[in-house]
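Some notes on the structure that comes next.
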Amino acid sequence: MTACLLGSSFELFASTFFLYRLLGWPLVAGLAVFAILTPIQTAMAKFMNKSQDDQLTWMDHRLRLMTEVLSNIKIVKLYHWYVNNSSSDNVQLP
């Protein structure tokens, strides 16, 4: 764990140093933009996560309601079939 933490911080420092040697001061502007946009991106991700949770809750409610409606339609159709076939008026003799 410690070796990974030390290795990753060394890699971060070394890559920043080499990028500074390659790009110069524009690297600082890029890092500033990155530092400014990271909290904004985090807030947007939290908002999207909450929005998706709300959407899934409503979709679950809608799905339960539609399942209940369809099962009740099936019950009505089966009852209608039973009533039509059980009455003696519909029976035809040869």
Table column - 3J(HN,Hα) (Hz), segment 5-19, Karplus curve with 6.51, -1.76, 1.60, x for Gly and Pro:
5, 5, x, 5, 5, 5, 5, 5, 5, 5, 5, 5, 4, 5, 5
Paired Rg and Dmax values of segment 28-77, which use every Cα atom, in angstrom
21.6, 72
Chain lengthening between Asp60 and Leu6 when straightened (0.36 nm per residue, less Cα-Cα):
14.8 nm
Between Ala14 and Gln41, what length in nm is gained on full extension when 0.36 nm per residue of separation is reduced by their alpha carbon distance?
7.1 nm
Find, to one decimal place in angstroms, the Kirkwood hydrodynamic radius of segment 2-85, where the mean of 1/r is taken over every pair of different Cα atoms and then inverted.
18.8
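A short reminder: the numbers here are calculations on the coordinates, not readings from a lab. Keep in mind that this is a model prediction, so the values were computed, not measured.
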